[in-house]
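Chemist: Starting off with a structure, shown below.
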Amino acid sequence: MKVKHCLVAAALLFAFTTAHAADKITIGVIQYDLTDIDKSFKDLHDQGFGSCEISYRKNTLTKDFAEKVKEASKKYDIKVTTLVGVPGSKSTWNFRKGPATIGLVPTDERAEKIKVYHEMIDFCAMADIPAMHSHFGFIPEDPSSEQYKDFVKVMQDLANYAKERNVLIYFETGQETPTTLIRAIKDIGTGNVFINCDLANLLMYGKANSLDAVKQFGPLIKEFHAKDGKYPDPDNPYELGAEVPIPTGDVNFPAVIAELKKQGFQGAVTIECELNGSQHDYVIKTRKYLQELLDK
């Protein structure tokens, strides 16, 4: 009888925990247009969103703009979760040139990219944005390679710069297996490096299915990108898999949402689109779909 009571209590506790987690999860978008942040945040609030990411734009990350972001965030109750950007003039989003052009693994343009990352971190500190995130490159699989060791050192320096300013750094997933990313974060070891889990990228880069990755990453995940996609085409293994509208791809959103609620996740699920862009109707429809999954 006592065992039965314990099982019932455990079930009730699990139900309460997942419901509480769902209440703390916000659905957001990426804000690319920074021309009128007050209007943009009002629109987000009016459409039922609770958060957003801000996309890096050169020459906009000023002290004055930081004050406007803070004011609009408080006024409309829109939490800005990260500042996102991928600096570099040569970044190429495929398997042929991507490893040599994206992020801080390649040495080409590294100094210029670090300068932008510092600017992003500084703005986060000014605007009270908790984190910046980016694709930092195709992390080498071999932890004993000089390229891997060099990358870890570069990321340690960047993470320490952010740590001094009370800013977190998130790796956006996709360009390496979950195990490789977890290992790199462990080796960086500064305590302020976490994960923005892009659910579609894991598939599109052919590195993992989303549900298994979420289980592996666990508490390292601080934010999600809600996006859907396909694995790379076996007949064309030089290009990423296709991005497709939610929920028409291979991301199992019901299972992923259930898992993150089970884990007690209390961050943001961010649709990788802008509310007032060409995909307005899709964003509204997708927010409703995600909210229904969270409410189950």
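A short reminder: the numbers here are calculations on the coordinates, not readings from a lab. This structure is a prediction, so every number in the text was calculated from the model and none was measured. Neighbour counts are summed over all protein chains in view; Cβ atoms, including those assigned to glycine, are modelled from backbone coordinates with ideal geometry.
Chemist: Just how large is the dipole of the chain about the Cα centre, in debye to the nearest 20, putting +1 at every Lys and Arg Cβ and -1 at every Asp and Glu Cβ?
Modeler: It comes to approximately 860 debye.
Chemist: Go ahead and run the numbers for FRET between residue 93 and residue 244, Cβ-Cβ distance against an R0 of 22 Å, rounding to 0.05.
Modeler: 0.85
Chemist: So what's Rg/Rh here for the stretch 115-262, counting alpha carbon atoms and using the Kirkwood radius for Rh?
Modeler: 0.98
Chemist: Find how many whole Å separate the alpha carbon centroid of the stretch 161-232 from the alpha carbon centroid of the stretch 96-152.
Modeler: 14
Chemist: Quick one: if you take sqrt(5λ) for each eigenvalue of the C-alpha gyration tensor of the stretch 195-251, what semi-axes come out, biggest first, whole angstrom?
Modeler: 20, 12, 8
Chemist: Also, quick follow-up: Sorted by packing (mean other beta-carbon atoms within 10 Å per residue), highest first, where do 226-237, 89-100, 256-267, 126-137 land?
Modeler: Most protected by this proxy first, the peptides run 126-137, 256-267, 226-237, 89-100.
Chemist: Right, here's the next one. At each listed q (0.20 Å⁻¹), what is the log10 of I(q)/I(0) that the Debye formula gives for the stretch 132-207 modelled as equal alpha-carbon point scatterers?
Modeler: Here the Debye-derived log intensity ratios amount to -0.83.
Chemist: Something else about it: Per 0.36 nm of contour for each residue apart, how much would the distance between residue 59 and residue 112 grow if the chain were fully extended, relative to their Cα-Cα spacing?
Modeler: Length gained, residue 59 through residue 112: 17.6 nm.
Chemist: Using the eigenvalues of the Cα gyration tensor, what equivalent ellipsoid semi-axes result for the chain when each is taken as the square root of five times the eigenvalue, whole Å, largest first?
Modeler: Rounded to whole Å, the semi-axes are 29, 25, 20.
Chemist: Given labels modelled 7 Å from the Cα in the Cβ direction, how far is it in nm from residue 71 to residue 291?
Modeler: Those two pseudo-labels are separated by 2.9 nm.
Chemist: Tell me the Kirkwood hydrodynamic radius of the stretch 232-285 in angstroms, computed as one over the mean inverse distance between distinct C-alpha pairs.
Modeler: 13.7
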